[in-house]
Amino acid sequence: GVKLLLHGLCSNTTVKSLDLKGNNLRTVGAEALGKLLSQNKSIRSLTLEWNSLGVWEEGFSFFCQGLGANNFLQRLDLRNNQINHPGAGELALALTQNASLQELDLRWNNIGLLGGRALLNCLHRNKTLKRLELAGNNVPGDILKAVEQALHHNQDRETILNEAQNQMYILNKEVLSLKDEKNKQFLDFMDAIDKQKEEKAKSERMSAARVSQLQEALNEQHSIMNSLKAKLQMTEAALALSEQKVHNLGELLNAMKQEQTSSAECHFRELQQQKQEGADREGKLLQDLSAASEKNLLLRNQVDELERKCKVQQDQLFQVKQDMANTTAELKLRAVQAEERLELEKRRFKQSLEDKESLRVKEVDRMTQHIEASEHSMQDRIQRLETIRISLEEELSQVKAAALAERGQAEEELIKARSQARVEERQRLEHLEEKLRLMTELRDEAQNCCLRQKEMVAEAQARAKQLSQHADGLRRRLEELQQDLNSKEEEKVAEVNKVKVELQEQIGRLEAERTAQDGLREKIAALERQLKALSSNHREALLDKEGEISLLLEKLRMKEAEITRVREEEAQRASFLQNAIMAYVQGPPLGTHSSKK
């Protein structure tokens, strides 16, 4: 029935605890248990108390093989199973292969001295077992203490590993947060640059639109001046016609005077009438001249209004300059804010490095304290053994004195006492040798811990290299941005040159057309100066941006220098730890002191 039950549980994935206490399992049941442990992946706790599994050696060996192949069981109860020292040896081999069992209860069995040694030896390889109960197994107290020390060492090792994993998890979180913050800052910086580019493009478009409006206004003024010139020419032609008419009338009057000298009196009235008509005509001509002068005054007023409009446009250009100055001030403020964010990141990075260093120093101090405590305990044990030896020697001297007094009767008792003392001394020497071997193994484990710490330092260095590579990527991105800015600057310079050439052509045309209008020439020169001032302002803004980019590059170089300094400090600390460990390993062993004493 147990075989069928365990065969059904081999493919089960929901049962986590199995209790088979007091079922008198034999070889078939033990083999089924071994198969269950090798195939099942869900059972975490198994109770097999009062089953006498140790009596059946073949079945128990199958059970131990299945336990060695299992990597999911965490608690095993084997109390009162009559396990002897060969069964304990097989169980120790299974524990060397198992990497998941944390609690093992072997109370009230027949393990003995050899089985206790086998279990103690397996604990040097098994690093997951935290609890091992060996009460009621005739195991010596020294072995039990050594087993407890090994279990405490496993617990300390697991706590250290958990702390290291927690620290690594925290460090990974901090690194990821720093990366996210850097990415956000970089994206914000790119968005700011894009916004600045858009604002520049908008300002350029506005300036181009305003220049086009000014050109249209100038063209309108040119057309108005042409119309005024045409009107002036018409008035001059009308005046010439009137002068010709007056001249003709004068000639006619002279002819009439010559012809009608004889008939002057007759035609005197007619002449007066003609004079009156001429006076009227002259009055009309004077009126026409006054009207022409009024038209000239109106034209002059229109010219003044056009000059006022030009002044208004100049004021608008001055406002555009002020807007450009405000934008440059905002860019400088954003650069200052970016610098402050970089300084905050530096401070956070320094604080994280200081925390790491303090944690490492604490771990090293704790390891040194543990080693010193173990050394003190060993020295105390050696002193106790020496006192025991001295007491034994004193007892031997007393026995010899009694033997001299009694001689024949106590010779057999002396021989028995000597043989017992020799056996006890041999056993104690064997215990001391085992303890020394345990201490050497503990020292080897401390060396392994130091090597693991070195590996942790190497991983930290690799992460620092990754951070430096990320900084190189950011630098390359800044160089690409600088190249884009340079190309855009060149395009802007080309566009400005084109605009200048077009303005110069237009100015030449206006100069050719308006030779008599010096005022308009001065206005065009003022517009050229304003354009030059705008170009100089653009150039100054571009130079400021180049200076900001150079400052950012210098900050990146400072960060790289700090990273290299941190790497050198970590390498120096690792070398100091290695030298201290090597000095401790190369020091005099504990056996020399005991032999001398």
| Can you tell me which residue in segment 547-570 is surrounded by the most Cβ atoms within 10 Å (Cβ to Cβ), limited to those that are more than 30 Å from GLN453 (Cα to Cα) and in contact (Cβ under 8 Å) with a residue 40 or more places away in the chain? | LEU552
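Considering only segment 15-71, how many residues are of a type in the set (Val, Ile, Thr) and over 22 Å from ASN109 (Cα atoms)? Even if it seems obvious, please write down each step before you answer.
Narrowing segment 15-71 to residues of a type in the set (Val, Ile, Thr): 15, 27-28, 43, 47, 55.
Add one more test, that the residue is over 22 Å from ASN109 (Cα atoms), and what stays is 15, 43.
Adding up the residues that qualify gives 2.
Going by the structure shown, is GLU511 part of a helix (DSSP H, G or I), acidic (Asp, Glu) and either over 30 Å from SER468 (Cβ atoms) or open to solvent by 70 Å² or more (accessible area, probe 1.4 Å) (or both)?
Details: part of a helix (DSSP H, G or I): yes; acidic (Asp, Glu): yes; either over 30 Å from SER468 (Cβ atoms) or open to solvent by 70 Å² or more (accessible area, probe 1.4 Å) (or both): yes.
Here the answer is yes, as GLU511 does meet what is asked.
Just to be sure before I move on: is ARG573 open to solvent by 60 Å² or more (accessible area, probe 1.4 Å) and under 24 Å from GLN351 (Cβ atoms) in the structure I sent?
Details: open to solvent by 60 Å² or more (accessible area, probe 1.4 Å): yes; under 24 Å from GLN351 (Cβ atoms): yes.
The answer is yes for ARG573.
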| Top-ranked residue of segment 107-157 - restricted to ones that are of a type in the set (A, V, I, L, M, F, W, C) and in contact with a strand residue (DSSP E or B) (Cβ under 8 Å, 6 or more places away or on another chain), ranked as surrounded by the most Cβ atoms within 10 Å (Cβ to Cβ) | LEU119
| said: Given the condition touching a helix residue (DSSP H, G or I) at 6+ places or on another chain (Cβ under 7 Å) and within 19 Å of ASN138 (Cβ to Cβ), answer yes or no: does some residue in segment 95-108 qualify? | reply: no
| request: For segment 200-220, state whether one or more residues are surrounded by 15 or more Cβ atoms within 10 Å (Cβ to Cβ), under 30 Å from SER468 (Cβ atoms) and at pLDDT 80 or above. | output: no
| request: Under 7 Å between Cβ atoms, at least 6 apart or on separate chains: pull out the pairs that start in segment 212-230 with a residue that is more than 13 Å from LEU510 (Cα to Cα) and end on any residue that is assigned to a helix (DSSP H, G or I) and not aliphatic (A, V, I, L, M). | output: LEU214/GLN313; ALA217/LYS309; ILE224/GLN302
| said: So for segment 147-159 (the condition being touching a Leu at 6+ places or on another chain (Cβ under 6 Å) and among the β-branched types (Val, Ile, Thr)), does at least one residue qualify? | reply: yes
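I'd like to check something: does segment 160-176 contain any residue that is within 24 Å of VAL312 (Cβ to Cβ), crowded, with 16+ Cβ neighbours inside 10 Å, under 51 Å from the mean Cα position of the chain (by Cα) and not polar (S, T, N, Q)? If you could, list the steps in order and put the result at the bottom.
At the first step, the residues of segment 160-176 found to be within 24 Å of VAL312 (Cβ to Cβ) are none.
The answer is no; no qualifying residue exists.
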| request: Check ALA373, ALA338, ALA325 and return the single one that is hydrophobic (A, V, I, L, M, F, W, C), at pLDDT 75 or above and under 43 Å from the mean Cα position of the chain (by Cα). | output: ALA373
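The values are calculated or read from the model by the stated rules, or taken from the named source; none is laboratory data. Everything numeric here is computed off the predicted structure, so don't read it as measured data. Please note: Cβ atoms are built from the backbone with ideal geometry, for glycine as well, and neighbour counts cover all protein chains shown. For accessibility, only protein heavy atoms count, side chains too; no ligands or nucleic acids. Shrake-Rupley method; radii C 1.70, N 1.55, O 1.52, S 1.80 Å.
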